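The values are calculated or read from the model by the stated rules, or taken from the named source; none is laboratory data. The shown structure was predicted, so the numbers you read here are calculated from the model rather than taken from an experiment. For neighbour counting, all protein chains shown are included, and Cβ atoms are generated from backbone atoms with ideal geometry for every residue, glycine included.
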């Protein structure tokens, strides 16, 4: 739209499989690093002692998301319609 | 201290000025108006001003306390950023609608009584509709129509509630409602409609994504957050709001995950975020209320930032569906960075503004010992990262490259995004200025080591779930049925059903009363005496079983009728009897 931006610079860093692999490895390392301190510090709990277990929040985050994705997948079969559903 | 300038007046004056100024002047006006209003609000001293009398009640247009000021600040800061984003627009019409809409939102926030509130409430509904209409597409016209109908419904609930409330208590005061009854429930429904609480929530995800690029950005902040403000003012501590809030938080996530249109994803995430706030209002302790205000403040900023990045993409590509987008990081890296800051802030990523506000609400729930609230809000927090934190940037800027190579948006758009991104980071790193303007003093420290670590774990493992289950999240070219089905499809079916029933009755009536009966009567009265005689002969024959005479009698009757050979005396006698009966009937 803007004439000065007609030929924008093109970045392709994320298109290289090697970079994606690096990102993945970095991501997994971060995940491990995040759980390790749980084994060494005393964690507080609000409702149940389970919360103080190492990696509790990692577990909650992962399981919540898996459940949310699966539930919405199932609901999708019921709720999803073609885009022109309301037009006809 | 005398009354200060009313912030709404500044917006009204700005809206009027737009119609006499040339383009350059208009650009100054739209930036100056929110800036001046912000300065005016910083100088306001507590109290109520701008009194007037209506229907025998003392009303006030300006109530200044910490709560109304907090919303006043964020409304004007956000307005400044939004108008900076919309600086390229030449349309007087759209800017006028936006200025009046924001002015009315400020008016509703500062209104001291129910009647003033209602007046501003309705002005908001009408002016915001024009921001959808300004898109000038058939879809937008229809969505705007549905949008305004729903808001008229909500406004009528509110009006009915206010009238009943004033009638019952004799007071127009707008403070915390203590009595639960029909009046307060109606007011609550009126507020909840604007807060996009299910089941009357679909107007948001229906209309906002059909608004113009800049109109969408502007609308995200005001309608729902004005409703949040009024709920805090009137319904703090009403426990039903905890349930409503928790439901909204999850509901928004599920629909956002099903959605394909990027701005509709962000619309559903508004519901999710407002859910957190409403939950805080329901908890109702000092910390929960302060948390809800802080979250509303942070939310307005990062949500506008997200809508700006989506708006910039829409502006540059004219596309808004995830299936059409993808790979935009290649030519829009700055938009990606700003959008990602907004996405991480909404996910309450440490060192961004969502992290210094939302956990306050969860913490308040823990203090009250609400296990389920805590659990649902933690799950919802993970889900936010899923749908808004990763899904939005991933499918728009990465994922499948659809070959789109737009450049960055115009500089003023980038500047507006940079401004809001800065606020997100600033409030994430140094939230004290935000905590200072909250209605209740807070003792909340977001950056304990354990708390921060927990949050990082929650978010990063949510990200893991996202990437592992990516095949399940593949975008489809679909829409999802929401509660607007009832008035979009259900309404049509209702119409068809009514048409079938009432047109059926109409047809039946036409056949029987307009065609059959008149033709019968017609046949009878064409020759009444013959018809009566023949019928009598037939009846007698039927009764006696002697049918041999019927044919002959009929011939006799026909003959007599043709020859008009009736004994006169009989006719006279019949006439006398008839007149006698009539006179008995009428004159007795």
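Quick notes
- The single condition among (1) within 26 Å of residue B:468 (Cβ to Cβ); (2) surrounded by fewer than 20 Cβ atoms within 10 Å (Cβ to Cβ); (3) without any contact (Cβ under 8 Å) to a residue 60 or more places away in the chain; (4) within 27 Å of the chain's Cα centre (by Cα) that residue B:375 does not meet is (4).
- Residue B:385 facing chain A (nearest Cβ under 9 Å), part of a helix (DSSP H, G or I) and buried (at least 24 other Cβ atoms within 10 Å of the Cβ): yes
- Boolean, residue A:26 is at negative phi and facing chain B (nearest Cβ under 8 Å): no
- Of the residues making up the range B:242-265, not a single one is out of contact with any strand residue (DSSP E or B) (no Cβ under 9 Å at 6 or more places or on another chain) and assigned to a loop (DSSP other than H, G, I, E, B).
- Any chance residue A:69 is in a loop (DSSP other than H, G, I, E, B), under 25 Å from residue B:458 (Cα atoms) and within 7 Å of chain B (Cβ to nearest Cβ): no
Table: residues versus (1) in a helix (DSSP H, G or I); (2) at the interface with chain A (Cβ under 7 Å from one of its Cβ atoms); (3) under 30 Å from residue A:43 (Cβ atoms); (4) in contact with a strand residue (DSSP E or B) (Cβ under 6 Å, 6 or more places away or on another chain).
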{"residue": "B:461", "(1), (2), (3), (4)": "yes, yes, yes, no"}
{"residue": "B:467", "(1), (2), (3), (4)": "yes, no, yes, no"}
{"residue": "B:483", "(1), (2), (3), (4)": "no, no, no, no"}
{"residue": "B:487", "(1), (2), (3), (4)": "yes, no, no, no"}
{"residue": "B:492", "(1), (2), (3), (4)": "yes, no, no, no"}
{"residue": "B:496", "(1), (2), (3), (4)": "yes, no, no, no"}
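- Selected residue (criterion: nearest to residue A:68 (Cα to Cα)) from residues of the range B:400-419 that are more than 10 Å from every other protein chain (Cβ to nearest Cβ) and outside any helix (DSSP H, G or I): B:400
- Residue within the range A:30-43 that is in contact with a helix residue (DSSP H, G or I) (Cβ under 7 Å, 6 or more places away or on another chain) and at pLDDT below 85 present: yes
- Just one residue in the set A:31, A:75 is surrounded by 13 or more Cβ atoms within 10 Å (Cβ to Cβ), in contact (Cβ under 8 Å) with a residue 24 or more places away in the chain and out of contact with any strand residue (DSSP E or B) (no Cβ under 7 Å at 6 or more places or on another chain); that residue is A:31.
Yes/no per residue for (1) modelled with pLDDT of 95 or more; (2) assigned to a helix (DSSP H, G or I); (3) assigned by TED's automatic domain parsing to the domain that holds residue B:167; (4) within 22 Å of residue B:118 (Cα to Cα):
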residue	(1), (2), (3), (4)
B:4	no, no, yes, no
B:24	no, yes, yes, no
B:35	yes, yes, yes, no
B:51	no, no, yes, yes
B:60	no, no, yes, yes
B:71	yes, yes, yes, yes
B:76	yes, yes, yes, yes
B:82	yes, yes, yes, no
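- Any hit, the range B:468-484, residues being buried (at least 19 other Cβ atoms within 10 Å of the Cβ), over 28 Å from the mean Cα position of the chain (by Cα) and at negative phi: no
- Within the range B:94-114, none of the residues are at positive phi and out of contact with any strand residue (DSSP E or B) (no Cβ under 6 Å at 6 or more places or on another chain).
- Condition check for residue B:168: modelled with pLDDT of 95 or more and either crowded, with 22+ Cβ neighbours inside 10 Å or touching a helix residue (DSSP H, G or I) at 6+ places or on another chain (Cβ under 8 Å) (or both): no
- Residue that is nearest to the chain's Cα centre (by Cα) [pool: residues in the range A:38-55 that are surrounded by 15 or more Cβ atoms within 10 Å (Cβ to Cβ) and within 8 Å of chain B (Cβ to nearest Cβ)]: A:55
- First in the range B:479-502 and more than 18 Å from residue B:264 (Cα to Cα), second anywhere and surrounded by 15 or more Cβ atoms within 10 Å (Cβ to Cβ) and modelled with pLDDT of 90 or more, Cβ under 7 Å, 6 or more apart: B:487/B:146
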